[in-house]
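A.B. asks: Got a structure here, written out as C-alpha cells. Questions coming.
Readers should treat all values here as calculations from the given coordinates under stated rules, not as data from a laboratory. Keep in mind the model is a prediction, meaning the values are calculated, not measured. When we count neighbours, we look across all protein chains shown, and the Cβ atoms used for this are built from the backbone with ideal geometry, even at glycine.
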Amino acid sequence: MILAIDVGNTNFTIGVFDKEELLTTFRMTTKMQRTSDEYGIVLMELLKMNQIKPVDITDVIVSSVVPNMMHSLCSGLIKYFHIKPLVVEPGIKTGIRITSENPRQIGADRIVDAVGAYELYGGPVIVIDYGTATTYDFVDGEGNFFAGVTSPGIRISAKALWEDAAKLPEIEIKKPASILARETISSMQAGLVFGQIGQTEYIVKHMIKESGFKQVKVVATGGLGKLIANETDCIDVYDQTLTLQGMRLIYKKQNR
C-alpha cells in the first residue's frame, strides 16, 4: 500500500492507496509543530483507526508547500515506517513539462493537481484548487504546464474581513439565500461566495480566450471547491481527491 501525504498551509491531507484504489483519507492540522516522533506515532494511530495496518504500508509519497515541516515529517516516516519517502520536487518524473518562466517556483501542490487533472481528464485543462490560496493552472494538450493564476483563498478573504474590520463577526462560509443581503452575516457570505464565483468565471473565461484553445476542460478541487462548482457552469468536474490521485500517478512514474 502507498501512503500519500499532501502537506498544505492549513491541513495535511492523507490517503492510502492499494494499487489504484483509494482506501481511506484523513486530515491533520498543519498549524501545530510536531517532532519526528509525534508525526510517526500520530500517523500510525490514524492508520489503525482507519483499519489500515501500518506494516502494510510499503511506500510513501509526500507533496509539501511547508518546507520547515519536512525534516521532522520525513524523519518520523523513516523511524516508524522504515521508509524513505518519495518527495515531489524538481527532478522527479511527473509526465508534464513546466514551461513557465520560473519552473522551480511552481509549488508541489500545483504540480500534483496538474498531473492528476491531465492524466485523468486529458488536456487542455484548467485545474482550480480552492485551498488556502485559490490557484488556476493551465495544462495544454501535450502536457505542458504553461500558465497559472494565484489569488487569495475564500478563507483568507473571510479571515481578513473579521480580523481587520472591528465590527464584522467570524462567520460560516456558505451560500446565502440571496445576493440581496439584508443583514451583516449574509452580506459577508454573499460577498465571499458570489465574489469567488464571479472571480472563477472571469479568470477561466479569459485564460481560455488568451490561450487560443477552443475545447478546454475545467476541473476543480479543494475544500470549498464543491461549493463553487455547484454554482457555475464554467467548472466541468469537481474532484475532491484530485491531489491524492495526482500523487499516486507521480509515484507510478518513478523507478521504485
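A.B. asks: Give, as a single signed number, the net charge of other residues whose beta carbon lies under 9 Å from the beta carbon of ALA117, with Lys and Arg counted +1 and Asp and Glu -1.
C.D. replies: -3
A.B. asks: Expected output is a single nm value to one decimal: the length gained when fully extending between ASP233 and LYS174, i.e. 0.36 nm times separation in residues minus the C-alpha distance. What is it?
C.D. replies: Details: separation 59, 0.36 × 59 = 21.24 nm, distance 1.85 nm.
Once the chain is fully extended between ASP233 and LYS174, it gains 19.4 nm.
A.B. asks: Something else: Only counting other Cβ atoms within 10 Å, I'd like ASP6, ASP37, ASP59 sorted with the fewest neighbours first.
C.D. replies: Values: ASP6 25, ASP37 13, ASP59 17.
Listed from fewest to most nearby Cβ atoms, that is ASP37, ASP59, ASP6.
A.B. asks: While we're looking at this one, here's another question. Of LYS84/LYS226; LYS93/LYS159; LYS174/LYS205; LYS31/LYS79; LYS175/LYS214, which pairs sit farther than 28 Å apart, going by alpha carbon to alpha carbon?
C.D. replies: Details: LYS84/LYS226 34 Å; LYS93/LYS159 37 Å; LYS174/LYS205 24 Å; LYS31/LYS79 23 Å; LYS175/LYS214 31 Å.
Result: LYS84/LYS226; LYS93/LYS159; LYS175/LYS214 exceed 28 Å.
A.B. asks: Can you show me the helix-derived [θ] at 222 nm for the chain, built from DSSP H runs with n ≥ 4 at -39,500 (n - 2.57) apiece and divided by the number of residues, rounded to the nearest 500.
C.D. replies: On the way: 7 runs with 96 residues, N = 256.
That comes out to -12000 deg cm²/dmol.
A.B. asks: Moving on. Relative contact order of the chain, please, whole-number percent, based on alpha carbon pairs below 8 angstrom and at least 6 residues apart.
C.D. replies: Numbers: 449 pairs, mean separation 45.9, N = 256.
It rounds to 18 percent for the chain.
A.B. asks: Ranked by Cβ crowding within 10 angstrom, fewest neighbours first, how are ILE179, ILE235 ordered? Numbers along the way, then the final one.
C.D. replies: Details: ILE179 14, ILE235 22.
So the ranking, lowest neighbour count to highest, is ILE179, ILE235.
A.B. asks: How big, on average over all directions, is the shadow cast by the Cα convex hull of the chain, in nm²?
C.D. replies: Working: hull surface 59.7 nm².
If you wrap the Cα atoms of the chain in a convex hull and average its projections, you get 14.9 nm².
A.B. asks: Which of the three applies to segment 1-119, rounded, prolate or oblate, going by the alpha-carbon gyration tensor with a ≥ b ≥ c and a/c under 1.5 meaning rounded? Intermediate results must be reported in sequence, preceding the final value.
C.D. replies: Working: a/c = 1.94, a/b = 1.43, b/c = 1.35.
Taking the square roots of the gyration eigenvalues as a ≥ b ≥ c, segment 1-119 is prolate.
A.B. asks: Treat every Asp and Glu Cβ in segment 2-87 as -1 and every Lys and Arg Cβ as +1, leave all other atoms uncharged, and give the resulting dipole magnitude about the Cα centre to the nearest 20 debye. Mind dumping the intermediate values first?
C.D. replies: Values: 8 positive and 9 negative charges, 48 e Å.
So the dipole magnitude of segment 2-87 works out to roughly 240 debye.
A.B. asks: With helices defined as uninterrupted DSSP H runs, which ones in the chain have an alpha carbon span along their own long axis of at least 18 Å and mean Kyte-Doolittle hydropathy of at least -0.5? Spell out each step's value before the answer.
C.D. replies: Values: long enough: 36-49 (20 Å, 0.50); 108-121 (19 Å, 0.29); 184-211 (40 Å, 0.14).
For the chain, where a helix must reach 18 Å along its axis and average at least -0.5, the hits are 36-49, 108-121, 184-211.
A.B. asks: Now for a different question. Ordered by residue, what ³J(HN,Hα) values in Hz, to whole numbers, does segment 19-27 give under the Karplus form 6.51 cos²θ - 1.76 cosθ + 1.60, where θ = phi - 60° and Gly and Pro are x?
C.D. replies: 3J(HN,Hα) across segment 19-27, in whole Hz: 6, 9, 8, 7, 7, 7, 9, 7, 10.
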